[in-house]
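Heads up: the structure comes next, in structure tokens.
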Amino acid sequence: MQEISLSRARLPATLEIEVLDEFGAAKRQAIAAERALTVYLNKREIVTLMTLGADPEALVIGYLRNQGLLVDQRDLQAVHVDWEVEAAAVVTRHLPEDLEERLGQRTVTTGCGQGTVFGRLLEATSLRPLPATVMRQSVLYRLLDNLGAYNETYRSAGAVHGCALCRQEGVLDFVEDVGRHNAVDTLAGRQWLAAAESTDADIFYTTGRLTSEMVLKVAQMGIGILVSRSGVTQKGVELAERFGVLLIARAKGRHFQAIHGAGRLELDAVPTRRPGDRAQA
């Protein structure tokens with residue numbers, strides 16, 4: 001892929017403020033940064049994203065990719081972020097012929113941060129077939145254990161979501177941002193920047209809900225297993241069935257709820273039920 005001109009305008013993900021605790025004592029506390037970044041595509045204003053600012057170029061590229069506004073990474077020429085004016089200027093060789101139609105059709109989703117889908121993407125049917133990857137219960141447990149080493153911003157400041165690209169129990173890349181959609185978009189952007197469309201990732205992890213938009217974005221990345229410590233929505237289940245995504249919801253400790261797992265979930269590490277354990281609904 002031809003080299004892309006990037007500003008690499010990263011900012012710290014946290015900052016410190018002074019707070020008073022319940023005893024009236026003053027102390028310094030890390031909080032999550034939240035910055036506005038307005039995206040311009042060939043001088044056309046597209047959207048304003050609220051972000052930590054830790055990897056803004058990848059976020060912008062991934063957002064445009066996942067919204068169907070940038071369909072070929074070879075078209076991408078430059079992404080320049082200027083925090084003084086809170087703007088990201090994206091230059092491409094081509095724009096979708098139906099750009100105006102796409103921008104005119106927006107679905108407001110349940111996502112935190114920017115929950116908007118352009119151009120009827122929720123009705124997408126042209127995704128390439130996803131690999132029918134098998135998830136072994138023992139692998140899931142090891143992955144959840146390994147993910148405990150991440151979430152650095154969350155541990156110090158809270159108020160953020162995290163997403164990860166994984167290869168079985170191994171964590172390939174991890175991103176935190178103020179919204180889970182920003183985090184998945186940043187990972188999608190990094191895929192393109194690394195020319196890694198054929199990434200080795202076969203599992204996607206998120207701390208957020210498994211909504212329709214999350215399922216669609218992960219399917220666009222070519223990944224067939226989506227894991228979350230949170231719950232799932234009806235539309236998320238419907239799209240997962242359509243695209244062939246195995247959902248693993250409420251994955252914490254040794255508990256989980258698998259959806260569309262027939263033939264793809266191998267129960268090789270069933271825990272012993274202890275007195276007092278409640279049945280998982």
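The values are calculated or read from the model by the stated rules, or taken from the named source; none is laboratory data. Keep in mind that what you see is a predicted model, and the values were worked out from it rather than measured. Counting neighbours? That spans all protein chains shown, and the Cβs are built from the backbone with ideal geometry, glycine included. These accessible areas exclude ligands, DNA and RNA; they are computed on the full protein's heavy atoms, side chains included. Shrake-Rupley method; radii C 1.70, N 1.55, O 1.52, S 1.80 Å.
Descriptive notes on the structure:
- Summed over the stretch 149-171, the residues that are open to solvent by 50 Å² or more (accessible area, probe 1.4 Å) and farther than 25 Å from residue 19 by Cβ give a count of 4.
- Test: residue in the stretch 18-25 that is surrounded by 15 or more Cβ atoms within 10 Å (Cβ to Cβ), not assigned by the TED database to the domain that holds residue 188 and not charged (D, E, K, R): no
- When the residues of the stretch 81-113 are filtered to those that are open to solvent by 90 Å² or more (accessible area, probe 1.4 Å) and in a strand (DSSP E or B), the one that is modelled with the highest pLDDT is 106.
- If you check 35, 28 for being under 28 Å from residue 215 (Cα atoms) and not assigned by the TED database to the domain that holds residue 162, only one passes: 35.
- Of everything listed in (1) on the phi > 0 side of the Ramachandran plot; (2) in contact with a helix residue (DSSP H, G or I) (Cβ under 7 Å, 6 or more places away or on another chain), the single unmet condition for residue 6 is (1).
- Residues within the stretch 254-273 that are open to solvent by less than 80 Å² (accessible area, probe 1.4 Å), over 22 Å from residue 130 (Cβ atoms) and either out of contact with any strand residue (DSSP E or B) (no Cβ under 9 Å at 6 or more places or on another chain) or in contact (Cβ under 8 Å) with a residue 40 or more places away in the chain (or both), tallied: 2
Here's the yes/no breakdown for (1) in contact with a Ser or Thr (Cβ under 6 Å, 6 or more places away or on another chain); (2) assigned to a loop (DSSP other than H, G, I, E, B):
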{"residue": "9", "(1), (2)": "no, yes"}
{"residue": "12", "(1), (2)": "no, yes"}
{"residue": "15", "(1), (2)": "no, no"}
{"residue": "18", "(1), (2)": "no, no"}
{"residue": "30", "(1), (2)": "yes, no"}
{"residue": "38", "(1), (2)": "yes, no"}
{"residue": "45", "(1), (2)": "no, no"}
{"residue": "48", "(1), (2)": "yes, no"}
{"residue": "58", "(1), (2)": "yes, no"}
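- Here residue 183 fulfils each of the conditions (1) free of Cβ contacts under 8 Å to residues at least 40 places away in the same chain; (2) open to solvent by 10 Å² or more (accessible area, probe 1.4 Å); (3) farther than 19 Å from residue 258 by Cα apart from (2).
- Checking the stated criteria, residue 237 turns out to be open to solvent by 10 Å² or more (accessible area, probe 1.4 Å), among the β-branched types (Val, Ile, Thr), free of Cβ contacts under 8 Å to residues at least 60 places away in the same chain and part of a helix (DSSP H, G or I).
- Filtering the stretch 193-219 to residues that are surrounded by fewer than 21 Cβ atoms within 10 Å (Cβ to Cβ) and part of a helix (DSSP H, G or I) leaves only 193.
- Of all residues in the stretch 66-80 being over 13 Å from residue 45 (Cα atoms) and in a loop (DSSP other than H, G, I, E, B), the one that is most open to solvent (accessible area, probe 1.4 Å): 71
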